[in-house]
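Values quoted throughout were computed directly from the atomic coordinates according to the rules given, and no laboratory measurement underlies them. From a predicted model like this one, the values you see are computed outputs, not experimental measurements. Ideal geometry is used to build each Cβ from the backbone, glycine not excepted, and the neighbour counts take in all protein chains shown.
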Amino acid sequence: MTRSFTLVLLFSGILSAVAQIPFPAANTVWTQRQGTGEAAPQFNVIGLLNDDITVSGISYHKLYFSTNDAVLEPSEYCGGLREDASGKVYFYNASSGTEKLLYDFSLAVGDTIFDPASASPDGVVYQVDSVTIGGLPHKRLQFRQLSSGALWTGGAWVEGIGNSGLGGLLGSAMRQPTCDCATNTICMSVATTSTYHNPQYLSIDCENVVAVTDFPQAVKSLTVVPNPVKDVSRIVIGANNPYTSYTITDLVGRIIASRELIIHSREILINKADFLPGIYVYNLRGTGAETATGKFIVD
């Protein structure tokens, strides 16, 4: 009996070790979208080359930040990343000379997360699950708001990737902007191979995004009235509707609704009863290149 029990423990330990996805250590770039209100969004890349730095006896993978291209230069050095054995990821800020905890993938449901900038309580883990990316299951932590307790769809932590949406690599997943002024992760590439692409921004080419000044002309945004949704709202399409189907997702990319559109439909109804409070993204597609996308908020 004792021998069998020991074997089970050893086998479980092996499974746990295999399941953990480490954070990248080199040759990785995160492409980020920075909203700028009514103006066209800006894009930047933040990434690792293949060099380290030691600060106060602690080793970090050097991190670089570029706003004009995907080529990381020595002059764009901004700090460093390190991950410990427990799944905590830290950022050393070269400007301030301080270290901040970015992610803690050892957290469980009910644990509090903290804003990496201020170290103040920021949210609570409400679900720990996994999401398959590149054929591998990655642990994912999802949150609820600290004050209201409402479930949060703005961002999630994904093991080996970081913030999968709102917050970008170095920011909080809990910051709700009052305008299009947030930093969002678009994609992550390791050794030039795309590892993650945010479902909210599939229309954006990650390879050339830093040079992009606006969305492709084929992508249009429609009107949601009223927005936020308090009872029943409408996505107003208007006359000469070229769209044949639509999907609605949360900001993590989970599909909440997917429907075919009746020919010549001029609106899509959004019923508050079908959604949890949060921010949602709608995507409409036609038979050709016609697409439209936008957001709405459910109170």
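Under a point-charge model restricted to the Cβ atoms of Lys and Arg (+1) and Asp and Glu (-1), what is the dipole moment magnitude of region 66-116 relative to its Cα centre, in debye to the nearest 20? Display every interim value, and only then the final one.
Numbers: 3 positive and 9 negative charges, 25 e Å.
Here region 66-116 has a charge dipole of around 120 debye.
Can you give the FRET efficiency to the nearest 0.05 for Ala85 and Ile255, using r as the Cβ-Cβ distance and R₀ = 41 Å? Walk me through the intermediate numbers first.
Working: r = 36 Å, r/R0 = 0.87.
Efficiency, rounded to the nearest 0.05: 0.70.
Specify which residue in the list Tyr243, His264, Phe296 is farthest towards the positive end of the charge dipole of region 219-298, using unit charges on the beta carbon of Lys, Arg (+1) and Asp, Glu (-1), about the Cα centre.
Phe296
Only Cα pairs under 8 Å and at least 6 apart count here; give the relative contact order of region 219-298 as a rounded whole percent.
Details: 176 pairs, mean separation 30.4, N = 80.
Reported as a whole number, the value is 38 percent.
Lys272: which aspartates and glutamates have alpha carbons under 17 Å from its alpha carbon, excluding same-chain residues fewer than 8 sequence positions away?
Within the straight-line cut-off, Lys272 pairs with Asp231, Asp250, Asp299.
Could you list Ile133, Ile235 in order of exposure, starting from the residue whose Cβ has the fewest other Cβ atoms within 10 Å?
Working: Ile133 19, Ile235 22.
The order, fewest Cβ neighbours first, is Ile133, Ile235.
How long are the semi-axes of the equivalent ellipsoid of region 22-211, defined as square roots of 5 times the Cα gyration tensor eigenvalues? Whole Å, largest first.
Values: eigenvalues 108, 86, 57 Å².
For region 22-211, the ellipsoid semi-axes come out as 23, 21, 17 Å.
Fewest Cβ neighbours within 10 Å first, please rank Cys181, Cys187, Cys78 accordingly. If you can, show how the numbers build up before the last one.
Values: Cys181 11, Cys187 23, Cys78 17.
Ascending number of Cβ neighbours within 10 Å: Cys181, Cys78, Cys187.
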